[in-house]
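> Take a look at this one; I'll ask things after.
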Amino acid sequence: MGSDSFALPETTAQDVRKFQKEYLELSKAGDRGAPHACFRFVWALVHSPDPAHIERGLDLAQSMINARDIDQQHLNDLVYMCAVAQYRRGSYQAARTQVVEYLKVAPSSHQATQLKSAIDDAIVKEGLIGVGVGTGLLTVAAIAIGLLVSGRKR
């Protein structure tokens with residue numbers, strides 16, 4: 001299944017605000033549910049169309065992974081969310097590394113398998129564009145050299 005049929009869920013700014021409010025309220029109260037609220041906030045951020053939200057979600061997810069103050073399943077899911085954020089920001093190699101890590105602990109995850117396929121498609125597409133640009137530049141250079149050489153012969 002290629003990336004043409006793959007679509008990540010998208011959150012709205014209102015969703016992000018709702019989850020942020022929940023997280024901040026639980027954090028201020030010292031509630032034991034704060035890490036899980038933070039997890040939901042990260043999910044909303046990395047699924048937002050706003051690049052600033054995606055960056056913030058990635059930073060927050062990486063901080064939570066480093067702090068390790070959440071259960072193993074949520075830690076694994078945070079790795080997946082980092083892959084989502086990296087994919088959405090166009091950092092395909094980093095996204096691929098993280099989704100492969102996630103698939104090691106959740107090999108039957110259909111969502112992660114689809115994301116990996118979309119990432120691989122994007123890497124190929126990006127590579128083909130790079131090859132096309134390189135070929136175009138070489139063609140222009142060859143034409144310019146040809147014109148210079150033919151101009152000197154006259």
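The values are calculated or read from the model by the stated rules, or taken from the named source; none is laboratory data. Computed from a prediction, not measured in an experiment: that's the story for all the values here. Please note: Cβ atoms are built from the backbone with ideal geometry, for glycine as well, and neighbour counts cover all protein chains shown. The area values use the complete protein model at the heavy-atom level, side chains included, leaving out ligands, DNA and RNA. Shrake-Rupley method; radii C 1.70, N 1.55, O 1.52, S 1.80 Å.
> Can N76 be described as within 16 Å of the chain's Cα centre (by Cα), at pLDDT below 95 and assigned to a helix (DSSP H, G or I)?
When the stated conditions are applied, N76 passes them.
> If we scan the stretch 126-143, do we find a residue that is part of a helix (DSSP H, G or I), within 16 Å of the chain's Cα centre (by Cα) and at pLDDT below 95?
Looking for residues that are part of a helix (DSSP H, G or I), within 16 Å of the chain's Cα centre (by Cα) and at pLDDT below 95, one finds at least one in the stretch 126-143, hence yes.
> If W43 satisfies all but one of (1) open to solvent by 70 Å² or more (accessible area, probe 1.4 Å); (2) under 24 Å from P107 (Cα atoms); (3) modelled with pLDDT under 95, what's the number of the condition it fails?
In the conditions (1) open to solvent by 70 Å² or more (accessible area, probe 1.4 Å); (2) under 24 Å from P107 (Cα atoms); (3) modelled with pLDDT under 95, W43 misses (3) alone.
> What number of residues within the stretch 46-56 satisfy the criterion of being surrounded by 19 or more Cβ atoms within 10 Å (Cβ to Cβ) and of a type outside the set (G, A, S)?
Adding up the residues that qualify gives 5.
> While we're here: Going through the stretch 57-71 one residue at a time, which ones are in contact with a helix residue (DSSP H, G or I) (Cβ under 7 Å, 6 or more places away or on another chain) and more than 13 Å from R88 (Cα to Cα)?
Scanning the stretch 57-71 gives L60, A61, Q62, M64, I65, R68, D69, I70.
> Under 6 Å between Cβ atoms, at least 6 apart or on separate chains: pull out the pairs that start in the stretch 19-32 with a residue that is within 17 Å of L45 (Cα to Cα) and end on any residue that is open to solvent by less than 80 Å² (accessible area, probe 1.4 Å).
Correct list of pairs: F19/F41; F19/A44; Q20/F41; E22/A37; Y23/A37; Y23/C38; Y23/F41.
> Could you figure out which of (1) free of Cβ contacts under 8 Å to residues at least 12 places away in the same chain; (2) in contact with a Gly (Cβ under 8 Å, 6 or more places away or on another chain) isn't true of Q73?
Evaluating Q73 over (1) free of Cβ contacts under 8 Å to residues at least 12 places away in the same chain; (2) in contact with a Gly (Cβ under 8 Å, 6 or more places away or on another chain) leaves (2) as the failure.
> Select, from A61, A7, A52, the only residue that is within 28 Å of Q114 (Cα to Cα), under 16 Å from the mean Cα position of the chain (by Cα) and at pLDDT below 90.
So the residue among A61, A7, A52 that is within 28 Å of Q114 (Cα to Cα), under 16 Å from the mean Cα position of the chain (by Cα) and at pLDDT below 90 is A7.
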